[in-house]
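Presented below is the structure to which this report refers.
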Amino acid sequence: MLIIDKIKERASRRNTLIFLIIAVVSFVLMGAVIMAMMDQSGILAFLDMRFFYTFDDVTEYLTALGETGRTYYLYQKIVDSFFPIGYGLGIALALGYLCKKSDIKNPWHSIILIPIIAAIFDFMENLLLTTQIVSFPSLSELIVSIAAITTLLKWIFLSSAIGILFVCILVFTVKKKKTDSQNIET
């Protein structure tokens, strides 16, 4: 697969660190927006921080935010555009690096795509929720339903990617210790 090969080609500690820093910075900026929204409305959990939501949940949430809160939520959506790039590429590059260093081969190197898929669902979620924030109070049940499904899929793929990353770190560490101990013995 071309995309997997490109990611593995560019997978290095430096590149991984760059994208993980982008994720952390955007996460911190989103935290500032969350605090502003909380001050404005007393509401903490964004829709996209939940695992699932309904049309009624979205209607109630956007109503409770009020006009100023919805404006803050739009700002958060702009900042949240960078977060999936950071975590998607950061985790994919980390997986690519670990696959290279641990000599993980086909078909297992396909795991590199899982954080990319999570990021794609995150972008879709952001776009769909943005359309509903802008069109409020004229919400679309269909778009809200699709957004809720993309949110759920984002969380499934993101949590899977993080779990796989930990497993790959463990495999890498065990293989490295095994190699190091064999080198010491010889």
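The values are calculated or read from the model by the stated rules, or taken from the named source; none is laboratory data. Given the structure is predicted, the values throughout are model-derived calculations rather than measurements. Methodologically, a virtual Cβ is constructed for each residue, glycine included, from the backbone with ideal geometry; neighbour enumeration extends over all protein chains shown.
Values for this structure:
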read-out	value
Options S145, S138; residue that is surrounded by fewer than 17 Cβ atoms within 10 Å (Cβ to Cβ) and either in contact with a Cys (Cβ under 6 Å, 6 or more places away or on another chain) or not in a helix (DSSP H, G or I) (or both)	S138
Residues within region 60-88 that are β-branched (V, I, T) and more than 25 Å from F19 (Cβ to Cβ), tallied	3
Residue in region 104-115 that is surrounded by fewer than 23 Cβ atoms within 10 Å (Cβ to Cβ), in contact with a Cys (Cβ under 6 Å, 6 or more places away or on another chain), part of a helix (DSSP H, G or I) and touching a residue at least 40 places away in the same chain (Cβ under 8 Å) present	yes
Failed item, numbered, when L89 is tested on (1) under 19 Å from the mean Cα position of the chain (by Cα); (2) without any contact (Cβ under 8 Å) to a residue 40 or more places away in the chain; (3) under 30 Å from N15 (Cβ atoms)	(2)
I21 vs. criteria surrounded by fewer than 16 Cβ atoms within 10 Å (Cβ to Cβ) and either on the phi > 0 side of the Ramachandran plot or within 16 Å of the chain's Cα centre (by Cα) (or both)	yes
Matching option when the condition is closer than 18 Å to S159 by Cβ, of a type outside the set (G, A, S) and surrounded by fewer than 14 Cβ atoms within 10 Å (Cβ to Cβ), among F83, F46, F27, F52	F52
Of all residues making up region 123-174, the number that are farther than 30 Å from G69 by Cα, in contact (Cβ under 8 Å) with a residue 40 or more places away in the chain and not aromatic (F, W, Y)	8
Matching residues, region 23-52, being modelled with pLDDT of 85 or more and either small (G, A, S) or touching a Phe, Trp or Tyr at 6+ places or on another chain (Cβ under 7 Å) (or both)	L47, F51
Sole exception among (1) assigned to a helix (DSSP H, G or I); (2) buried (at least 17 other Cβ atoms within 10 Å of the Cβ); (3) at pLDDT 85 or above for I4, by number	(3)
